[in-house]
Each structure stands twice: as structure tokens, then as C-alpha cells.
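The values are calculated or read from the model by the stated rules, or taken from the named source; none is laboratory data. Fair warning: this is a prediction, and the values are worked out from it, not measured in the lab. Note that we place each Cβ from the backbone using ideal geometry, even for glycine, and neighbour counts take in every protein chain shown.
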Amino acid sequence: MQYFESVVVGQTMRAGAFEVTRDDAIDFAGKYDPQPFHLSDEGTDGTPFERLSISGWQTCSIAMRLYVDHVLSNSDSKGGLGVDGLRWPRPVYPGDVLSLEWTFVEKRKSRSMPGVGIVVVRMRLFNQNDELVMELQSAGLVGCEPDGDAA
């Protein structure tokens with residue numbers, strides 16, 4: 001179990017090989033972001049997209065899935081506080097294989113919640129060509145070690 005004390009500011013790691021499928025993209029878009037360019041190739045006419053593109057919100061969901069799988073599932077996560085600086089500099093297309101890079105940029109002890117620390121992480125999602133497709137910064141709550149001193 002990773003606690004607040006074991007977070008190393010400046011540490012960067014990368015993991016994942018999440019392939020985005022056309023069926024998943026259309027299913028997600030149909031439920032949550034039904035813009036024409038997320039639903040069909042024909043819907044991209046007059047847009048900057050080459051073909052059906054993945055919703056940015058699905059891209060965020062994939063990043064979160066990878067972060068949970070590789071970080072939060074083994075930590076004493078207590079929830080999120082928010083996201084800043086969300087950007088989608090390139091589209092994601094069906095067949096792209098995504099990997100997540102995360103860097104712990106800040107940590108501090110919570111003033112209002114004893115036994116909990118706040119960790120700020122920068123997440124960057126890349127496609128199989130190592131092109132940046134999403135970035136954001138997020139703050140989350142992480143439990144301190146039992147009887148630990150969250151310095």
C-alpha cells in the first residue's frame with residue numbers, strides 16, 4: 001500500500017498499452033458525447049478530423065483507468081479534488097494505443113483533514129507514435145501511514 005509519505009515529488013513513471021476500439025468509441029460517444037465526428041467517419045466532414053475521432057472525455061476516462069490500474073489501486077486514495085489545465089492537443093482515433101505518463105509535482109499535508117495528504121499529479125497521455133494527446137493536472141487525497149508524520 002502506497003501512502004502519502006512514499007510519494008516522491010518529481011518522480012515520473014509511464015505505463016499502459018490501452019487500445020481504443022471503434023465500437024467502444026461509438027458506444028461512449030452515443031451515451032456521453034454524441035457529436036457527429038465521434039459517431040461516424042461521415043460526421044467528420046467540415047472538421048479537422050481525418051475520420052471518426054475519440055471523444056476527449058473518453059480519452060480522459062482512459063487516462064483515469066490507466067492511473068487507477070497503475071497507481072491508485074495500490075495506494076490509500078481518498079478521492080479527487082479537481083483538475084486543471086486539461087488539453088487535447090491531438091485527436092485520438094480507433095486503433096490508437098495509449099500510454100500514460102504521470103509526474104508527482106507537489107505534495108502537502110491537509111490542514112483540514114488529519115491523516116490525509118494532498119498530492120498533485122501531472123498526467124500526460126501519448127499515442128503509439130509518442131505524440132501527446134491529452135494532458136492535465138489533478139489534485140487528490142492520499143492517506144498518511146498509520147502513526148506516520150506527513151511531512
| said: Of everything in the stretch 1-15, what is modelled with pLDDT of 95 or more and assigned to a loop (DSSP other than H, G, I, E, B)? Give them in sequence order. | reply: 3, 7, 8, 9, 10, 11
| query | Somewhere in the stretch 88-104, is a residue without any contact (Cβ under 8 Å) to a residue 60 or more places away in the chain, of a type in the set (A, V, I, L, M, F, W, C) and over 30 Å from residue 37 (Cα atoms)? | reply | no
| field | Members of the stretch 62-103 found to be closer than 15 Å to residue 126 by Cβ, hydrophobic (A, V, I, L, M, F, W, C) and surrounded by fewer than 19 Cβ atoms within 10 Å (Cβ to Cβ), listed by number | value | 97
| query | Looking at (1) surrounded by fewer than 17 Cβ atoms within 10 Å (Cβ to Cβ); (2) touching a strand residue (DSSP E or B) at 6+ places or on another chain (Cβ under 6 Å), which is the one condition that is false for residue 123? | reply | (1)
| query | Within the bounds of the stretch 71-90, is there any residue that is of a type in the set (Val, Ile, Thr) and more than 23 Å from residue 21 (Cα to Cα)? | reply | yes
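Conditions (1) closer than 18 Å to residue 69 by Cβ; (2) among the hydrophobic types (A, V, I, L, M, F, W, C), marked per residue:
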{"site": "85", "(1), (2)": "no, no"}
{"site": "91", "(1), (2)": "no, no"}
{"site": "114", "(1), (2)": "no, no"}
{"site": "125", "(1), (2)": "yes, yes"}
{"site": "138", "(1), (2)": "yes, no"}
| query | How about the stretch 104-119: which of its residues are crowded, with 19+ Cβ neighbours inside 10 Å and under 15 Å from the mean Cα position of the chain (by Cα)? | reply | 119
| remark: The residue from 28, 18, 49 that alone is more than 18 Å from residue 120 (Cα to Cα), touching a helix residue (DSSP H, G or I) at 6+ places or on another chain (Cβ under 7 Å) and part of a helix (DSSP H, G or I) is 28
| said: Can you find a residue that is without any contact (Cβ under 8 Å) to a residue 40 or more places away in the chain and on the phi < 0 side of the Ramachandran plot anywhere in the stretch 73-84? | reply: yes
